[in-house]
Amino acid sequence: MNKTQKKKIVFSIICMVLVLVIGMGCFLWNFLTSPYNKTDAQNKTIWLCLGDSITYGETNHEISYADYAGKLTGVQLVKEGFSGYTTEQLYNELDNIEADPDIVTVLIGTNDWVYDREMGKDSDQDMSTFCGSMNLLMQKITQKYPKAEVIFFTPLYRDMQYNPAIPFTGTINSNGKTVKDFGDSLKACAQRNDVEVYDLYSESGINATNINRLTNDGTHPNARGQIKIAWKVKKLVEMTKKVDGK
């Protein structure tokens, strides 16, 4: 093979590579700029996930059911979880949250139980009781996000382990109330405010028989527990996802 033939072969190879590169570049450009590209942020459902340390992902590297369900559904997740927050604190924090969501989920109330907040009545409209602060929170969220689908979750089952900062252990607080009692009051408030509720206490799969296996401390789900919750929440999010950006 002489030098001329070698040059022709090299030139042919270079041309083939250029054609492939240009072709791939055109394909990528068309994909990214296509109105049918569902990865475009403007076509994505925005999910605002509000809550306390369980939503934050306490004891699980800041990864919670929200992160897992967000990946499973492909929505744009805005996670706002605050460790130790009560219903009243989340009400106040809402002023600092900027989002334009299609879906809002709220998991709150377990710390109200821990801090022995008075339950009150589902007709209360002030911050002196759990029901009063829950009513105000529901009203504030539905008013701030009038176009969003709003879903409140009942607090998860929990079994308090020894903590010197808490005056009780087990499943009954100092006022003789269980987490389920708080969840039942949340349901009553939701009915009064025409807000959807998902009974995560009953449906999450976390209960007295597996609490030590699915949580790290009787309260905060580990990775296995968070994923278990995520599969439940995923179905709710998918039911309200936008279709073709609408």
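Below are the figures for this structure:
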| item | result |
| --- | --- |
| Phi-based couplings in Hz for segment 186-201 (Karplus 6.51, -1.76, 1.60; Gly and Pro marked x) | 4, 4, 5, 5, 5, 5, 5, 9, 6, 10, 6, 10, 10, 7, 5, 4 |
| Phe153 long-range amide H proximity, modeled H, under 5 Å | Val106, Leu107, Ile108, Tyr198 |
| Per-residue HN-Hα couplings for segment 112-117 [Karplus 6.51, -1.76, 1.60; θ = phi - 60°; Hz; x = Gly/Pro] | 4, 5, 4, 8, 6, 5 |
| Gained length - Lys147 relative to Lys235, 0.36 nm times residue gap less alpha-carbon distance | 29.7 nm |
| For segment 208-217, 3J(HN,Hα) per residue [Karplus equation, 6.51 cos²θ - 1.76 cosθ + 1.60, θ = phi - 60°, Hz, x = Gly/Pro] | 5, 7, 10, 4, 6, 8, 9, 10, 8, 8 |
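No lab work stands behind these numbers, since they all come straight from the coordinates. Just so you know, these numbers come straight off a predicted model, no measurement behind them.
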